[in-house]
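Written below as structure tokens is the structure these notes are about.
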Amino acid sequence: MDRQKLVAAIEAEIQKEGRLPDEKIFLKLLKEVWQVDWTVAPYDVWTRMIEWDVPYFLRFMGMDEGDEEAEEQLIQDWIASRAQLRATTTGSDWRQRVATLIDNANHLRLSVRQDA
């Protein structure tokens with residue numbers, strides 16, 4: 001797996017027009033995880049995100065040689081989004097949006113892997 005291509009592909013997804021804040025946070029957390037271990041399932045990352053498993057993500061962030069300032073900002077943005085995320089995690093529209101987001105992340109990883 002070419003991690004550079006994977007990170008670039010995730011970054012492109014983050015920058016897409018119309019992304020909701022919780023989607024951006026998820027994709028940024030996914031990027032942090034995949035920089036270390038691209039085999040982690042997007043569903044697992046989503047579950048850890050909505051369960052507020054901060055230590056899980058800090059372990060991944062501690063294993064890479066990334067931008068610590070950006071990682072700290074991501075954690076702060078994630079924590080700040082807690083109230084908004086709780087308010088939006090209900091209903092069938094939300095479930096469908098999350099399922100689509102996770103499915104797209106799986107396809108993204110697969111497409112980068114096949115290009116390698």
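The values are calculated or read from the model by the stated rules, or taken from the named source; none is laboratory data. All values derive from a computational prediction rather than experimental measurement. Note that we place each Cβ from the backbone using ideal geometry, even for glycine, and neighbour counts take in every protein chain shown. Ligands, DNA and RNA are stripped out before the accessible areas are found, and what is left, the full protein with its side chains, is counted by its heavy atoms. Shrake-Rupley method; radii C 1.70, N 1.55, O 1.52, S 1.80 Å.
In the set (1) under 20 Å from ILE14 (Cβ atoms); (2) β-branched (Val, Ile, Thr); (3) at pLDDT 90 or above; (4) open to solvent by 20 Å² or more (accessible area, probe 1.4 Å), THR39 fails one condition alone, (1).
So is ASP22 among the acidic types (Asp, Glu) and within 21 Å of GLN96 (Cβ to Cβ) or not? Spelling it out, ASP22 is indeed among the acidic types (Asp, Glu) and within 21 Å of GLN96 (Cβ to Cβ).
Within the set GLU11, GLU72, GLU32, the sole residue that is outside any loop (DSSP other than H, G, I, E, B), touching a Gly at 6+ places or on another chain (Cβ under 9 Å) and at pLDDT 90 or above turns out to be GLU32.
State the number of residues belonging to region 42-51 that are open to solvent by 40 Å² or more (accessible area, probe 1.4 Å), within 17 Å of LEU74 (Cα to Cα) and not basic (Lys, Arg). Steps first, please.
Step one: list which residues in region 42-51 are open to solvent by 40 Å² or more (accessible area, probe 1.4 Å), which gives 43-44, 48, 50-51.
Restricting the remaining residues to those that are within 17 Å of LEU74 (Cα to Cα) gives 48, 50-51.
With the extra rule that they be not basic (Lys, Arg), the set shrinks to 50-51.
Residues meeting the conditions: 2.
Take region 20-36 and flag every residue that is farther than 19 Å from ASP67 by Cβ and open to solvent by 50 Å² or more (accessible area, probe 1.4 Å). Once the filter is applied, which keeps residues that are farther than 19 Å from ASP67 by Cβ and open to solvent by 50 Å² or more (accessible area, probe 1.4 Å), region 20-36 yields LEU20, PRO21. Taking the conditions exactly as written (in a helix (DSSP H, G or I) and not acidic (Asp, Glu)), does TRP38 satisfy them or not? Here the answer is no, as TRP38 does not meet what is asked. List every residue pair whose Cβ atoms lie under 7 Å apart, where the two residues are 6 or more positions apart in sequence or sit on different chains, the first residue falls within region 44-66 and is within 22 Å of LEU101 (Cα to Cα), and the second residue, located anywhere, is in a helix (DSSP H, G or I) and among the hydroxyl-bearing types (Ser, Thr, Tyr). Close Cβ pairs satisfying both conditions: ARG48/TYR56.
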